[in-house]
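First up is the structure itself, then whatever we jot down about it.
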Amino acid sequence: MIGVSLSRWTMSYFAAALAFLVAAEILMALGYGFPHEALQAPGTLILVHLVAIGWLSLLVCGALFQFLPVLIAQPLFSNTLPLPALISLIAGLTALILGFLQLAGSVDPTLPFFAFAGTMLGLGFGLVLWNLARTLWAAPRWPLSARFVVVGLISVVATVTLGFVFALALGGATASEPVLILTGAGLPLHVIAGLGGWLTFTAMGVSYRLLAMFMLAPELERRSTKAALYVGAAALTVAIVGGVLAILLNGNLVLVLLMAGGLSLVAIAFYGTDVIHLYRARRRRHIELNSRMALVALVFLAASGVLISVLFAFGRLGDHVGAVVFLVAFGWLSGLGLAQLYKIIAFLTWLECYGPVLGKTQTPRVQDLVVEARAIKWFWLYFIAVGVGTLALIVGHLPAFQVSAATMLLATGGIAVHLVRTRRLMDVNAALRLPQGAHRPRLLFSLSHQT
């Protein structure tokens, strides 16, 4: 990481993302949205977008602004664009939530919230894509991990495009028959493009690099890595492109999704073998908390594949698609996100605070900024709550799900406290906390200097 510039607004993205995660968990604990309402009910759509855009997308964007330059050894194109992008995304998500409240009859129906949401979210993601695409364009070559990110960025274009189409239809801005048909049947494609392409594929690419870096394991360019990339990209193409064509041409959407699902399970299997190889090939014998919890998140990803296969075999997948989405969103993506945040924030804080004085005075190690023995209980509590919540959804026990959501909220709060303590250097030995020449980092942004 020597010579890498810190992304100025990454911490702001992380803080906003955690706030939206907490908001979603509060709503679930109070019984708002699914499973108390239907999957396409306004309350459920609010929950889904709080998690998908507010929590996971902001988390991934913040991470990419910092780590995509590391993947391709190129500086970020602009350290200024992330702030207007963040403001646009938050404004767009707020308008989208108000639009869903219009559908529920809770907000004045005459205000054009859906149109405004589509515009602001398109602007926000457009700024993110422009910044990252220009960064990628400057690189002489893309390692495999960066190619996963490229597929993820293409998927977010598909996700935003479908979302914009839905917003036009729901807001009454068009009566075009193809738009209405796609809006009526295209929700699964929107979810697949978002959770499967944008979020999962990007997380896979970044995790290849982060796990190798934090565990001192060799970079992966194996056949299985290429297979995970190509098979996964094929699955997304079949699902999104094939799905749209099937809907508009009155084809068999179920068959298309089955083909895509089979390919995705193969891609996940290849990715799993790669991650296991990273753990076995690591030079760091002690596995730190973030890597241990990332492995638990991978177990939840595998469990998602098993659950999908079992439900499909018994003809119950349609009945429990909400449980599958919950397991993927909170067990795999959120679990991995929280685990990596624990290390990323410590690592970036250490670079910002102690990077300028390295070699000039005694400084703490990265692991001296955290106390894993105190934090680990919150991660285990979170993952156990997600597991119990998934089971509660499958058996239809709504009170148990609400208790699980409240427990997830408690665990997330505990993890967030540790993240703030890390950022404020509260767990660093007082004698080493601020040596001469070091500065205390700001909570919500970083001073952009070469480290």
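What to note about this one:
- Test for L236: is it of a type in the set (A, V, I, L, M, F, W, C) and within 23 Å of V60 (Cβ to Cβ): yes
- Any hit, region 138-150, residues being under 22 Å from A329 (Cβ atoms), touching a residue at least 24 places away in the same chain (Cβ under 8 Å) and assigned to a helix (DSSP H, G or I): yes
- L71 meets each of the listed conditions (1) under 29 Å from Y342 (Cβ atoms); (2) at pLDDT below 95; (3) surrounded by fewer than 22 Cβ atoms within 10 Å (Cβ to Cβ); (4) of a type outside the set (S, T, N, Q) apart from (3).
- Answer residue from region 371-408, given it is buried (at least 21 other Cβ atoms within 10 Å of the Cβ), aliphatic (A, V, I, L, M) and within 23 Å of the chain's Cα centre (by Cα) and is farthest from F330 (Cα to Cα) among those: A375
- Scanning region 220-229 for residues that are within 13 Å of L265 (Cα to Cα) and either crowded, with 20+ Cβ neighbours inside 10 Å or among the hydroxyl-bearing types (S, T, Y) (or both) yields A228, L229.
- Residue in region 163-180 that is in contact (Cβ under 8 Å) with a residue 60 or more places away in the chain, at negative phi and crowded, with 22+ Cβ neighbours inside 10 Å present: yes
- Some residue of region 371-391 being hydrophobic (A, V, I, L, M, F, W, C), touching a residue at least 60 places away in the same chain (Cβ under 8 Å), more than 16 Å from L327 (Cα to Cα) and out of contact with any Pro (no Cβ under 6 Å at 6 or more places or on another chain): yes
- Answer from V275, V254 - the residue that is surrounded by fewer than 16 Cβ atoms within 10 Å (Cβ to Cβ) and either of a type in the set (A, V, I, L, M) or under 29 Å from F214 (Cα atoms) (or both): V254
- Condition check for F125: crowded, with 20+ Cβ neighbours inside 10 Å, over 30 Å from F214 (Cβ atoms) and of a type in the set (F, W, Y): no
- Residue match in region 90-98 (condition: in contact with a Ser or Thr (Cβ under 8 Å, 6 or more places away or on another chain) and either modelled with pLDDT of 95 or more or crowded, with 18+ Cβ neighbours inside 10 Å (or both)): yes
Residues checked against (1) of a type outside the set (V, I, T); (2) closer than 20 Å to A235 by Cα; (3) in contact (Cβ under 8 Å) with a residue 60 or more places away in the chain:
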{"residue": "I287", "(1), (2), (3)": "no, no, yes"}
{"residue": "N290", "(1), (2), (3)": "yes, no, yes"}
{"residue": "M293", "(1), (2), (3)": "yes, no, yes"}
{"residue": "S304", "(1), (2), (3)": "yes, yes, no"}
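- Scanning region 350-364 for residues that are in contact (Cβ under 8 Å) with a residue 12 or more places away in the chain and either under 23 Å from L333 (Cα atoms) or assigned to a loop (DSSP other than H, G, I, E, B) (or both) returns K360, Q362, T363, P364.
- Residue count for region 274-285 under the criterion of being under 22 Å from F383 (Cα atoms) and either without any contact (Cβ under 8 Å) to a residue 60 or more places away in the chain or not in a helix (DSSP H, G or I) (or both): the result is 1.
- Among (1) free of Cβ contacts under 8 Å to residues at least 12 places away in the same chain; (2) part of a helix (DSSP H, G or I); (3) not polar (S, T, N, Q) - the single one M426 does not satisfy: (2)
- Of all residues in region 409-429 being under 18 Å from L351 (Cα atoms) and among the hydrophobic types (A, V, I, L, M, F, W, C), the one that is nearest to the chain's Cα centre (by Cα): L419
Residue by residue, here is whether (1) of a type in the set (K, R); (2) within 23 Å of V417 (Cβ to Cβ); (3) modelled with pLDDT of 90 or more holds:
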{"residue": "H286", "(1), (2), (3)": "no, no, no"}
{"residue": "F300", "(1), (2), (3)": "no, no, yes"}
{"residue": "S304", "(1), (2), (3)": "no, no, yes"}
{"residue": "F314", "(1), (2), (3)": "no, no, no"}
{"residue": "H320", "(1), (2), (3)": "no, no, yes"}
{"residue": "V328", "(1), (2), (3)": "no, no, yes"}
{"residue": "I344", "(1), (2), (3)": "no, yes, yes"}
{"residue": "T361", "(1), (2), (3)": "no, no, no"}
{"residue": "Q367", "(1), (2), (3)": "no, yes, yes"}
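- Subset tally (residues that are over 20 Å from Q340 (Cα atoms) and not in a helix (DSSP H, G or I)) for region 190-246: 2
- Which numbered condition L447 fails, given (1) in a loop (DSSP other than H, G, I, E, B); (2) without any contact (Cβ under 8 Å) to a residue 60 or more places away in the chain; (3) out of contact with any helix residue (DSSP H, G or I) (no Cβ under 6 Å at 6 or more places or on another chain): (2)
The values are calculated or read from the model by the stated rules, or taken from the named source; none is laboratory data. Computed from a predicted model, the values in this text were never measured in an experiment. Please note: Cβ atoms are built from the backbone with ideal geometry, for glycine as well, and neighbour counts cover all protein chains shown.
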